[in-house]
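A quick write-up on the structure given underneath.
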Amino acid sequence: MDIREAVKERHSVRQYRDIPLGEEERRSLEELVAQCNAESGLNIQLVCDDPECFDTFLAHYGKFKNAKNYIAMTGKKSLEDLEERCGYYGQRIVLEAQKMGLNTCWVAGTYGKGKCKASLQKDEKIVCVIAIGYGENSGSKHKSKAVEKLCSVPEADMPTWFKNGVKAAMMAPTALNQQKFRIALDGEDAVITTGSGPMTKIDLGIVKYNFEAVSGHKCK
């Protein structure tokens, strides 16, 4: 599975089979987490076999089942772009997990933050977590706004790389599927911005990663 297939096939999954992560998948995830931490300055952590984090009313309301493994997205409170950075590197992990045959779900509000087993320094905080495991199903495709509502460039005027990036961005998960991002073209640079609202900065990082991974172009 290449990155385009991973972007296309990855959907949010909340119900998991009650089996532990395989040793190979766990080792690969730990190596990837270490790489992302080295590049980002974050303190991302893989937490396994912890059912308590999702043992909350909101998690049950959100229909989570057997969610015992998760990626804790944490970092220093002083980072101005902490949430966006967590979205960007978290999505990198999410898509690599998809390639491994694992399923995932971004979770910002329906988990027990006080129950999370991530180890934090005094100057760090948890931004969100990503449930991960072997899904009971592959999830379902989310609806997307029309391209003209998300991008200021007419499709006929889009360079091929830009069009590929826009398509990938449209498939990115966003909180409550709100898709508050906007994509523009400034010369030969893609520019992605977001409106205000809960978790929009995390969403911005997720969308940027999808765009860059598929288009092969960095964006502002």
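The values are calculated or read from the model by the stated rules, or taken from the named source; none is laboratory data. On a predicted model such as this, the values are computed, not experimentally measured, just so you know. Backbone-built Cβ (ideal geometry, glycine too); neighbour counts: all protein chains shown.
When you scan region 26-34, do you find a residue that is at pLDDT 95 or above and either more than 28 Å from F211 (Cα to Cα) or of a type in the set (V, I, T) (or both), even just one? Yes, some residue in region 26-34 is at pLDDT 95 or above and either more than 28 Å from F211 (Cα to Cα) or of a type in the set (V, I, T) (or both). Within the option set K122, K145, K115, being over 18 Å from K68 (Cβ atoms) and in contact (Cβ under 8 Å) with a residue 24 or more places away in the chain holds for one residue only, K145.
In the set G109, G101, G114, G75, only one residue is assigned by TED's automatic domain parsing to the domain that holds L32 and in a helix (DSSP H, G or I); that residue is G114. Within region 80-93, is there a residue that is more than 16 Å from P173 (Cα to Cα) and either surrounded by fewer than 22 Cβ atoms within 10 Å (Cβ to Cβ) or among the polar types (S, T, N, Q) (or both)? Yes, region 80-93 has at least one match.
Considered as a group, the residues in region 195-217 that are modelled with pLDDT under 95 and under 20 Å from Y89 (Cα atoms) include one that is nearest to the chain's Cα centre (by Cα), and that residue is M199.
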